[in-house]
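A.B. asks: Can you keep this structure in mind? I'll have questions shortly.
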Amino acid sequence: MTKKLILSALLVLIMFFIMRWLGLGLKSEFSPAGIVSFELAKDYEKATQIMNAVSVAALTRNTIVDFFFIIAYTTFFFLCCKALMSYYHSLNLRKLGYFFMKLSIVGGVFDVIENTSMLITLDGNGNDITTSVSYWAAIIKFSVLAIVGVYILIATIAIAVAAKVKK
């Protein structure tokens, strides 16, 4: 388990730096946050402004590579939650860990929905519906992943403190 977790963490870091590198040319006055601005474009007009300001090919490439990042971070969060569960003696805490393990997958699924909708928009078939789907999927994804991240952080600290107290 430890090797898988370390490997997945390393993969997340590698993918993070690849995504940062690919995202260098995606900032403009219409997309100050790069690809995140495109993910959070509330309507087709805003998405079109971003597509016109930066390269559609670069946005498409970044979105396609993001599918690999989704696999990396979902696996990492999943394995973190699974590893934390192995420290729990309480059935309720194990159930909570299992819930967050599943929730990490939900975050990845919403990212896939978001990316798919963005690719439809980037392919010239976009409209207010595709950008709205991207927007709401991104909001849900970021929220879910933030919640999972906070859980992992709090659970890790609690386990470390409990281990220290036990000594």
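A.B. asks: Looking at V106, is it farther than 15 Å from T48 by Cβ, loosely packed, with under 13 Cβ neighbours inside 10 Å and at pLDDT 95 or above?
C.D. replies: no
A.B. asks: Quick check, is L26 touching a Gly at 6+ places or on another chain (Cβ under 7 Å), buried (at least 18 other Cβ atoms within 10 Å of the Cβ) and over 14 Å from A138 (Cβ atoms)? Step through it out loud before you land on a result.
C.D. replies: Values: touching a Gly at 6+ places or on another chain (Cβ under 7 Å): yes; buried (at least 18 other Cβ atoms within 10 Å of the Cβ): yes; over 14 Å from A138 (Cβ atoms): yes.
For L26, the condition - touching a Gly at 6+ places or on another chain (Cβ under 7 Å), buried (at least 18 other Cβ atoms within 10 Å of the Cβ) and over 14 Å from A138 (Cβ atoms) - is met.
A.B. asks: K42 fails exactly one of the following numbered conditions: (1) out of contact with any Phe, Trp or Tyr (no Cβ under 7 Å at 6 or more places or on another chain); (2) basic (K, R); (3) not in a helix (DSSP H, G or I). What is the number of that condition?
C.D. replies: Single failed check for K42: (1).
A.B. asks: Do the conditions hold for Y88, that is, is it among the hydroxyl-bearing types (S, T, Y), under 30 Å from A162 (Cα atoms) and out of contact with any strand residue (DSSP E or B) (no Cβ under 6 Å at 6 or more places or on another chain)?
C.D. replies: Details: among the hydroxyl-bearing types (S, T, Y): yes; under 30 Å from A162 (Cα atoms): yes; out of contact with any strand residue (DSSP E or B) (no Cβ under 6 Å at 6 or more places or on another chain): yes.
Considered against the rule, which asks whether it is among the hydroxyl-bearing types (S, T, Y), under 30 Å from A162 (Cα atoms) and out of contact with any strand residue (DSSP E or B) (no Cβ under 6 Å at 6 or more places or on another chain), Y88 comes out as yes.
A.B. asks: Hey, any hits in the stretch 86-96 for a residue that's modelled with pLDDT of 95 or more and either under 18 Å from S8 (Cβ atoms) or surrounded by 21 or more Cβ atoms within 10 Å (Cβ to Cβ) (or both)? So that I can check it myself, show each step before the final result.
C.D. replies: Taking the stretch 86-96 first, the residues modelled with pLDDT of 95 or more are none.
No, the stretch 86-96 has no match at all.
A.B. asks: Considering every residue within the stretch 77-85, establish whether at least one is under 22 Å from T2 (Cα atoms), free of Cβ contacts under 8 Å to residues at least 24 places away in the same chain and buried (at least 16 other Cβ atoms within 10 Å of the Cβ). Lay out the reasoning, then the answer.
C.D. replies: We begin by selecting, within the stretch 77-85, every residue under 22 Å from T2 (Cα atoms); these are 77-85.
In the following step, the residues that additionally are free of Cβ contacts under 8 Å to residues at least 24 places away in the same chain were identified as 85.
Then keep just the ones that are buried (at least 16 other Cβ atoms within 10 Å of the Cβ); that gives 85.
Yes.
A.B. asks: Sticking with this structure for a sec: Restricting to the stretch 41-76, name every residue that is crowded, with 19+ Cβ neighbours inside 10 Å and of a type outside the set (S, T, Y). Full working, then the answer.
C.D. replies: We begin by selecting, within the stretch 41-76, every residue crowded, with 19+ Cβ neighbours inside 10 Å; these are 41, 47, 50-51, 54, 59, 62-63, 66, 69-70, 72-76.
Answer for the stretch 41-76, where residues must be crowded, with 19+ Cβ neighbours inside 10 Å and of a type outside the set (S, T, Y): A41, A47, I50, M51, V54, L59, N62, D66, F69, I70, A72, F76.
A.B. asks: Quick check on A33: is it free of Cβ contacts under 8 Å to residues at least 60 places away in the same chain, closer than 30 Å to I152 by Cα and either acidic (D, E) or not in a helix (DSSP H, G or I) (or both)? Talk me through it step by step, then tell me what you get.
C.D. replies: On the way: free of Cβ contacts under 8 Å to residues at least 60 places away in the same chain: yes; closer than 30 Å to I152 by Cα: yes; either acidic (D, E) or not in a helix (DSSP H, G or I) (or both): yes.
For A33, the condition - free of Cβ contacts under 8 Å to residues at least 60 places away in the same chain, closer than 30 Å to I152 by Cα and either acidic (D, E) or not in a helix (DSSP H, G or I) (or both) - is met.
A.B. asks: If I filter the stretch 48-60 for residues that are in a loop (DSSP other than H, G, I, E, B), farther than 18 Å from F142 by Cα and touching a Leu at 6+ places or on another chain (Cβ under 6 Å), do I get at least one hit? So that I can check it myself, show each step before the final result.
C.D. replies: The first filter runs over the stretch 48-60 and keeps only residues in a loop (DSSP other than H, G, I, E, B), leaving 54-55.
Applying the additional criterion that residues be farther than 18 Å from F142 by Cα yields 54-55.
If we keep only those that are touching a Leu at 6+ places or on another chain (Cβ under 6 Å) as well, we get 54.
Looking through the stretch 48-60, at least one residue is in a loop (DSSP other than H, G, I, E, B), farther than 18 Å from F142 by Cα and touching a Leu at 6+ places or on another chain (Cβ under 6 Å).
The values are calculated or read from the model by the stated rules, or taken from the named source; none is laboratory data. All values reported here derive from a predicted model rather than from experimental measurement. Every residue, glycine as well, gets a Cβ built from its backbone with ideal geometry; the counts of neighbours run over all protein chains shown.
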